[in-house]
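Each remark here refers to the structure printed beneath this line.
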Amino acid sequence: MQRKGVSDYGLMAIIGLIGWGAMPARAATYEVGPASGYRTLGSVPWVALQPGDTVLVNWQRQPYHEKVVLSCAGTAALPIRVVGVPGPDGQLPVIDGASATTSRQFSAFAGQPSDLGIIEIMGLVGSKPAYIEVNGLDVCDAGAPFTYLDAQGQRRAYPANAAAIYIAGSENITVRGCTVRGSGSGLVVTSGAEESLVSREILVEKCSLFGNGAAGKGYEHNACTEAVGITFQYNYFGPLRLGAGGNNIKDRSAGTVIRYNWLREGVRVLDLVEPLDSYPIASADPRFHQTYVYGNTIINGNQGASQIVRYGGDQTALSHYRKDTLYFYDNTVVNIADQTGPGARTRTQLFEMATPDQAGDLRNNVIYSAPASAGRPATEFSLLGMSGTLNCGRNWVSPGWLAARSGARVTTQVSGTGSIITNSANNPGFAGLRTLDLRLQQGSQCIGAGVNPLSAESGLYGVYYQYQAPQSAAARLTNPAGPDLGAYGYGSPAVVPTYSVSGRVTCQGTGVSGVLITASSGATAATGADGAYTLAALVPGSYTITATSPGYLISAAQSVSVGANTTGINFIAQATYTVSGVVTGANGPLAGATVDAGNGLTAVTEDDGSYAIAGVLPGTYAIAASLLGYTFGAPQEVTVTGDQSGVNFAGSFAQAIGIRSFALDRNMVRATDRPTITVLLNGAVPQGAGVVVRLISSSPSIVQVSDLTLTASMTGKSVSITTGYVSRATVVSITASIGATTQRVYLTVLPR
């Protein structure tokens with residue numbers, strides 16, 4: 001399959017105007033694998049990824065023992081994607097943190113940040129990764145006892161809580177279709193006390209997370225997350241590492257939605273507690289006051305949780321605890337545990353509310369409890385623990401249930417228990433309990449038994465799907481008898497309702513036609529003659545709506561929650577123009593010169609010396625040209641009222657400097673060695689000037705080079721270069737050029 005290599009990127013947007021949309025640059029695809037242009041993950045230019053770029057990671061027989069940092073930002077319309085390409089039998093490419101190497105391009109992240117994960121999504125100071133998707137990778141072996149090599153080549157030990165995937169201070173991140181296993185922490189999402197450090201709108205779907213945690217410790221989990229807006233859906237959460245004392249999901253977010261997952265065990269299956277550093281920001285989000293858990297299958301075995309769900313908090317600042325309501329509906333809970341004997345659990349409670357003012361709403365669930373061993377009594381099963389408030393709607397619960405655990409304090413309040421149904425046979429009507437086929441079969445008491453549903457059950461948080469192994473979903477089944485209880489409906493697949501989003505794009509009050517409107521789901525529409533648009537057939541959910549059109553600067557993308565037809569999602573456009581011209585020197589066109597109009601409006605000249613600055617608003621600009629080694633006249637004052645051509649510049653080279661010699665300290669090396677390359681000039685760089693030596697490798701995936709900049713008084717420069725893995729001896733040419741002077745050397749790279 002032919003893929004594009006590294007592309008040139010033109011600035012097609014006004015970078016300096018915050019809150020306005022950007023026009024897309026050309027996207028590139030980087031393909032990694034044994035028969036691809038990039039043999040290693042580290043050879044991909046991760047720190048320079050642009051909106052729309054895709055990194056394809058091909059399956060290979062041996063894992064990639066490498067660490068990766070994603071620090072760049074995509075856009076809603078052009079996300080950055082890292083996608084695994086499966087093997088012949090559907091095997092996911094494995095990225096293994098054990099003895100992993102770290103590319104030198106990640107030197108800025110060396111030290112503590114690099115300890116935290118195998119795939120890390122985090123920004124440098126002043127930057128925030130956004131609109132990134134990680135898809136179809138098997139990531140494993142972070143944490144003790146594993147070690148790795150940092151960006152300086154020093155061996156370091158992972159801390160016990162190191163994550164397979166670590167996300168910090170990032171927005172609109174999707175982790176999809178990944179396997180996350182065998183690490184101290186599986187998935188970690190963190191947020192800080194400042195907006196630049198807050199993670200927002202995280203989606204985890206169709207993933208398999210299991211075998212994470214640290215034996216004998218309780219602070220490492222399959223997933224440990226703190227964000228503003230996070231959704232887990234269609235995932236398999238398996239048991240933690242043997243002997244680990246962590247939770248399956250430990251979440252400290254605002255706007256938590258956990259739906260259509262299969263979850264097995266943990267010290268707690270769900271531990272939904274208060275934000276830490278991000279509390280001032282997270283608590284101000286309206287979603288902080290509601291948490292939604294629905295359509296899940298929860299399996300709690302003999303070695304599982306005595307508290308299946310904790311809600312509220314676990315720190316000392318009680319005022320920071322989650323208040324208001326945990327909505328828990330249309331779930332199927334299977335609790336299998338003995339009250340006596342080996343591995344017994346005396347008590348099990350569905351909910352533990354941290355303080356009396358935590359509240360839960362429990363309805364339309366199937367909650368089954370039974371002993372693990374024949375002849376032994378089942379664990380005592382209660383809906384609520386020692387504290388909190390619980391309102392019950394219609395649920396099916398195994399006989400012998402308690403509203404609150406025995407010995408509960410008077411602070412426990414449980415209402416609506418008269419709506420609970422059961423039967424003496426302890427049979428909810430599962431299709432096959434032994435095989436955990438928890439679908440309802442004909443005659444089940446749970447079919448059509450749902451009453452007084454929440455309004456959320458038919459709106460944005462409606463129950464439209466049900467979990468389908470492995471890590472997927474299908475339309476929820478339905479029947480004329482009414483809502484069924486539990487995570488699985490009975491009957492025929494329901495039609496998922498769809499809604500529309502509409503609005504208008506205007507420029508100075510007049511509608512703009514032909515504007516492309518894009519939803520983050522991929523749905524598109526175009527504005528009509530009056531600037532109006534309608535995005536139709538959107539299933540309930542959260543979307544980012546973006547408007548783009550050549551020749552216009554359009555206001556920023558908008559986040560919209562769709563649970564009904566939504567109107568008034570409007571955009572403001574401003575007409576922009578292009579300034580173009582040619583930059584020349586004494587010997588003809590100058591390539592690589594920068595033309596700057598200020599306010600982030602720049603362009604770089606092509607090989608023929610031409611440039612074009614797009615996205616220029618009407619106004620007067622001082623436009624200047626620059627190129628190391630050249631001097632230009634004073635900036636030109638240009639008044640822009642339309643497209644402006646012929647803004648040309650002529651440069652004078654400060655001195656006729658060329659290359660005197662170009663050499664390697666070694667002409668034959670082994671893969672991953674770092675030979676030194678030296679360029680000597682035929683004279684010193686004059687004061688106030690600079691020279692760029694352009695270096696080009698004939699095989700960038702094997703030998704990586706970058707241009708050298710020489711400043712005043714320098715007569716030469718040496719630098720070490722990076723070599724990659726090869727399977728056989730390979731000769732690579734390296735070309736150095738200044739203006740018309742060019743020299744070439746050859747380097748032979750041998751296998752290790």
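The values are calculated or read from the model by the stated rules, or taken from the named source; none is laboratory data. On a predicted model such as this, the values are computed, not experimentally measured, just so you know. Note: ideal-geometry Cβ built from the backbone for every residue, glycine included; neighbour counts use all protein chains shown. Note: accessible area is taken over every heavy atom of the protein model, side chains too, but ligands, DNA and RNA are not part of it. Shrake-Rupley method; radii C 1.70, N 1.55, O 1.52, S 1.80 Å.
Number of residues in segment 325-348 that are open to solvent by less than 10 Å² (accessible area, probe 1.4 Å) and not small (G, A, S) equals 11.
For segment 701-719, give me each residue that is within 24 Å of Y64 (Cβ to Cβ) and at pLDDT 85 or above.
Once the filter is applied, which keeps residues that are within 24 Å of Y64 (Cβ to Cβ) and at pLDDT 85 or above, segment 701-719 yields I702, V703, Q704, V705, S706.
If the condition is being part of a strand (DSSP E or B), open to solvent by 40 Å² or more (accessible area, probe 1.4 Å) and under 17 Å from T297 (Cβ atoms), then segment 214-256 contributes only Y236.
Out of the residues in segment 257-283 that are closer than 16 Å to L318 by Cα and among the polar types (S, T, N, Q), which is most open to solvent (accessible area, probe 1.4 Å)? Checking each candidate, the answer is S283.
Of all residues in segment 508-523, how many are assigned to a strand (DSSP E or B) and at pLDDT 95 or above?
Narrowing segment 508-523 to residues assigned to a strand (DSSP E or B): 510-511, 516-519.
Subset that is at pLDDT 95 or above: 510-511, 516-517.
Of the residues in that region, 4 qualify.
Does G243 satisfy being of a type outside the set (S, T, Y) and at pLDDT below 95? Answer is yes for this residue. When restricted to residues that are within 18 Å of R61 (Cα to Cα) and assigned to a loop (DSSP other than H, G, I, E, B), segment 34-48 contains 6. Of everything in segment 698-735 that is closer than 14 Å to R39 by Cβ and among the small types (G, A, S), the residue that is nearest to the chain's Cα centre (by Cα) is S701. Tell me which of these S183 doesn't satisfy, since it passes every other one: (1) under 28 Å from L263 (Cβ atoms); (2) outside any strand (DSSP E or B); (3) open to solvent by 10 Å² or more (accessible area, probe 1.4 Å). Unmet condition: (3). Could you pull out the residue among P428, P399, P377 that is buried (at least 18 other Cβ atoms within 10 Å of the Cβ) and over 18 Å from L270 (Cα atoms)? Selected residue: P428, the only one of P428, P399, P377 that is buried (at least 18 other Cβ atoms within 10 Å of the Cβ) and over 18 Å from L270 (Cα atoms). Within segment 529-554, the set of residues being within 12 Å of I572 (Cα to Cα) and within 22 Å of the chain's Cα centre (by Cα) comprises T546 only.
Checked against the criterion of being at pLDDT below 90 and open to solvent by less than 20 Å² (accessible area, probe 1.4 Å), the candidates S36, S107, S43, S114 yield just one match: S114. Within segment 589-617, the set of residues being assigned to a loop (DSSP other than H, G, I, E, B), among the hydrophobic types (A, V, I, L, M, F, W, C) and open to solvent by 30 Å² or more (accessible area, probe 1.4 Å) comprises A591, L617.
Here A556, A532 are screened, and the one residue that is at pLDDT 95 or above, among the small types (G, A, S) and surrounded by fewer than 21 Cβ atoms within 10 Å (Cβ to Cβ) is A532. Cβ-Cβ contacts under 8 Å between residues 6 or more apart (or on different chains), taken from a first residue in segment 514-537 that is in contact (Cβ under 8 Å) with a residue 60 or more places away in the chain and among the small types (G, A, S) to a second residue that is outside any strand (DSSP E or B) and open to solvent by less than 70 Å² (accessible area, probe 1.4 Å), are listed as S520/A76.
Go through T722, T742, T711 for me and flag whichever is surrounded by 16 or more Cβ atoms within 10 Å (Cβ to Cβ) and either among the aliphatic types (A, V, I, L, M) or under 28 Å from Q105 (Cβ atoms) (or both).
Every option except T722 fails the conditions.
All of G683, G651 fail the test of being part of a loop (DSSP other than H, G, I, E, B), in contact (Cβ under 8 Å) with a residue 12 or more places away in the chain and open to solvent by less than 40 Å² (accessible area, probe 1.4 Å), apart from G683. Counting only residues that are at pLDDT 95 or above, in contact with an Asp or Glu (Cβ under 7 Å, 6 or more places away or on another chain) and open to solvent by 20 Å² or more (accessible area, probe 1.4 Å), segment 70-95 holds 3 of them. Can you name the residue in segment 431-460 that is farther than 25 Å from N391 by Cα and part of a loop (DSSP other than H, G, I, E, B) and is also nearest to the chain's Cα centre (by Cα) among such residues? Checked segment 431-460; the qualifying residue nearest to the chain's Cα centre (by Cα) is L436.
If you check L209 against the conditions, is it more than 26 Å from P342 (Cα to Cα) and assigned to a loop (DSSP other than H, G, I, E, B)? Criteria not met by L209. Within this structure, T672 passes the test of being open to solvent by 20 Å² or more (accessible area, probe 1.4 Å), hydroxyl-bearing (S, T, Y), part of a loop (DSSP other than H, G, I, E, B) and in contact (Cβ under 8 Å) with a residue 60 or more places away in the chain. Scanning segment 117-142 for residues that are more than 21 Å from I202 (Cβ to Cβ) and modelled with pLDDT under 95 returns V125, G126.
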